[in-house]
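Everything on this sheet refers to the single structure shown next.
The values are calculated or read from the model by the stated rules, or taken from the named source; none is laboratory data. Note that the structure is a prediction, hence the values are computed from the model and not measured. Quick reminder, even Gly has a Cβ in these numbers, built from the backbone with ideal geometry, and neighbours come from all protein chains shown.
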Amino acid sequence: MTDPETLSVTIVDGYVDEPAHFGVPPYISTYPRYAAGALVDAGVPRGQITYHTIDRLRDEPDYWRDVDEADLLIYLGGMTVPGKYVGGTPAEPDEVRKLAWTANGTSLMGGPVKFGVGDENAGATETERQDLDFDFVAKGDVEAAVFDLVESGLEGFNNRMRDIDEVSRWAQEGAFIVEQHPNHPEHLIAELETSRGCAYRCSFCTEPLYGNPSFRPPPTVVGEVDALSDFGVKHFRIGRQADILAYGGDGEAPNPDALRQLYSGIREVAPDLETLHLDNMNPITIVNWPEQSREGIRIIAEHNTPGDTAAFGLESADPVVQEENNLNVSAEECFEAVKIVNEEAGWRPGEDPADAPTFGDDAPRRLPKLLPGINLLHGLKGEREETYERNRAFLQRVYDEGYMLRRINIRQVMAFDGTDMSDTGAEIANEHKQLFKRYKKRVREEIDNPMLERVAPPGTVLPDIHLEYHQDGKTFGRQLGTYPLLVGIPGERQLGRTIDVAVVDHGYRSVTGVPYPLDLNAASMNELTAIPGIGDSTAGDIVVNRPYESIADADLGTEFDLSRFVTTRPLELAD
Ligand code: SF4
């Protein structure tokens, strides 16, 4: 019998990306936090729990000692949607095997990895279930397995799901683990769970494998935010649910009172939070219950921070694909939902919400409070050439009718055992690879670019951009939040710092920004020439003729309205 008091435990985070749960840095998913809470609840002292991300093990190989020497190794990971990530690289299957081989103690693997593992973390792949040489694989909830395994003296556990009381306790007791994340405290965003499971059954999706939705009551989520903020977390995303609007209801219809308790409760216990975003809103909820949904969306926009995105899983605008894959929303319905979110939440700080959606010259230069995003999935059953045209036409219509989308996410399907797509596999996605490439390029050029200009017009201020990497003489960074815009800033700036930026130009999915406010008396040549209309020679003249008392003193030679972000003395900083 192993005494929990003396047990040393190492948790390794290989990262997760599920349809309704994200945990690649700068995000920390719920898994390591809940697992740590379950350990504490089972009697393991906090000081004996070590947490490493897979990237930290790669960067600092000495930490493998913690994997080797722990009495219990817990590996958490699994990608059930494909993606590429800036903030971290998910563990590859070979690395996960190496963890199991290195561990001298008992090894337990859990998280969405239980749904299957591909040869690599990519789209258009098929996956299979593997134990990757671990002693135990949690086929139910890994946090419940952790608790039961420790209780049993590391003998074993029954696969089971945890209940609401357990998750409420573990979520709070495990909050301390965030301090061991390499991104803590400034560059870390905690993914919050409000529910699991889904009332719908889309063919490709792993979420229904959790069953029908079960909600965590507002006080338990609020209590967790309180605990996390005591450990220094200032950024939160309510991302672990299939549909935020359904929160606290009967599983499908919205319950605005529950949403209000949740959002206002979070604001009360974490008044200094810097990010409060969400993920996943089901457009069918908005279409079926428009009035309650409007109210719910208003509540969210009142409490969230700007730049928030409600990702809509349209997946396909083609009725044939919709039918064959059990997709729950049609293109027409999704359009209606796009319109409603724009009308209720497409306003910007500093203006009247009744004016939403706003863009163009008169709109304040901040990101809108909440906009829809659209997810499109290719390689589904029934897909044909026409599917691509229908999807493109849907997006074009949103633009032409004067609405905004914050993000268009186009992916190819991954086929998991237990979902209806497992028979079809990646066959259609592979057949349509060329078509997919051409279409994606067209969407990027014809829709993403003008849409981005509408959402974040020149002069839009993006506070707190975290500088993440250098490329081609520029520094790239993002805000913390849900699907943040990628910002390229001229020059190689010190990484790991945070600056405010004003948008000056637009790519397909990223923007060019200059430091805000841009001081004409100090701006570099690179920064000046990033502004449309200012070429090398004008920038040279600006530099040579310094200093300036006011912007009017400088001959800028551009029609571009610089007054919103250029100064010759310090402007008020963005909030
Ligand atoms: S609505 Fe469909 S895609 Fe969304 S979580 Fe439910 S089953 Fe998955």
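Residues in region 470-490 that are over 23 Å from Ala190 (Cβ atoms) and not aliphatic (A, V, I, L, M): 9 in all. Given the structure, is Tyr63 in contact with a Leu (Cβ under 6 Å, 6 or more places away or on another chain) and of a type in the set (Ser, Thr, Tyr)? Yes.
When Leu39, Leu57 are checked against the criterion of being within 30 Å of Gln172 (Cβ to Cβ), assigned to a helix (DSSP H, G or I) and out of contact with any Phe, Trp or Tyr (no Cβ under 6 Å at 6 or more places or on another chain), a single residue qualifies: Leu39.
Would you check if Ala310 is within 16 Å of the ligand (Cβ to nearest atom), crowded, with 24+ Cβ neighbours inside 10 Å, closer than 23 Å to Cys198 by Cα and aliphatic (A, V, I, L, M)? In short, yes. Of all the listed residues (Ala190, Ala144), the sole one being more than 30 Å from Ile284 (Cβ to Cβ) and modelled with pLDDT of 95 or more is Ala144.
Pairing residues of region 57-73 that are at negative phi with residues that are basic (Lys, Arg), at Cβ distances under 7 Å and at least 6 apart in sequence or on separate chains, gives Tyr63/Arg56. Taken as a whole, the condition of being surrounded by 24 or more Cβ atoms within 10 Å (Cβ to Cβ), hydroxyl-bearing (Ser, Thr, Tyr) and either over 19 Å from the mean Cα position of the chain (by Cα) or within 28 Å of Pro185 (Cβ to Cβ) (or both) does not apply to Ser330. For region 171-224, the set of residues classified as under 14 Å from Ile266 (Cα atoms) and small (Gly, Ala, Ser) consists of Ala190, Gly223, listed by residue number. Across region 263-285, what is the total count of residues that are out of contact with any Gly (no Cβ under 6 Å at 6 or more places or on another chain) and away from the ligand (no atom under 13 Å from the Cβ)? The total comes to 14. Taking the conditions exactly as written (in a strand (DSSP E or B), over 14 Å from Phe147 (Cβ atoms) and of a type in the set (Phe, Trp, Tyr)), does Tyr51 satisfy them or not? Taking the combined requirement at face value, the residue satisfies it. If the condition is being in contact with a strand residue (DSSP E or B) (Cβ under 8 Å, 6 or more places away or on another chain) and within 16 Å of the ligand (Cβ to nearest atom), then region 323-353 contributes Asn325, Leu327, Val329, Ala331, Cys334, Ala337.
One residue stands out among those in region 19-57 that are under 20 Å from His235 (Cα atoms) and within 16 Å of the ligand (Cβ to nearest atom): the one that is surrounded by the fewest Cβ atoms within 10 Å (Cβ to Cβ), which is Phe22.
For residues that are in a helix (DSSP H, G or I) and either at pLDDT below 85 or within 12 Å of the ligand (Cβ to nearest atom) (or both), scanning just region 201-243, find the one that is surrounded by the most Cβ atoms within 10 Å (Cβ to Cβ). In this case the residue turns out to be Glu207. Asp541 passes every criterion in (1) acidic (Asp, Glu); (2) touching a Ser or Thr at 6+ places or on another chain (Cβ under 7 Å); (3) farther than 26 Å from Leu367 by Cα apart from (2). When you look at Thr498, is it surrounded by 13 or more Cβ atoms within 10 Å (Cβ to Cβ) and in contact with a Gly (Cβ under 6 Å, 6 or more places away or on another chain), yes or no? No; evaluated as a whole, the condition is false for this residue.
Within region 501-512, residues that are farther than 13 Å from Pro532 by Cβ reach partners that are modelled with pLDDT of 90 or more and aromatic (Phe, Trp, Tyr) with beta carbons closer than 6 Å, at six or more positions or on different chains, in the pairs Val501/Tyr516.
If you filter region 180-200 down to residues that are away from the ligand (no atom under 16 Å from the Cβ), not in a loop (DSSP other than H, G, I, E, B) and not β-branched (Val, Ile, Thr), you find that the one that is surrounded by the most Cβ atoms within 10 Å (Cβ to Cβ) is Ala190. The set of residues from region 489-512 being modelled with pLDDT of 95 or more and within 21 Å of Thr309 (Cα to Cα) comprises Asp500, Val501, Ala502, Val503, Val511, Thr512.
Assess whether Pro517 counts as being crowded, with 16+ Cβ neighbours inside 10 Å, closer than 25 Å to Lys440 by Cα and not basic (Lys, Arg). So Pro517 does not fit the description; no.
Total residues in region 429-467 satisfying the condition of being part of a loop (DSSP other than H, G, I, E, B) and hydrophobic (A, V, I, L, M, F, W, C): the figure is 1.
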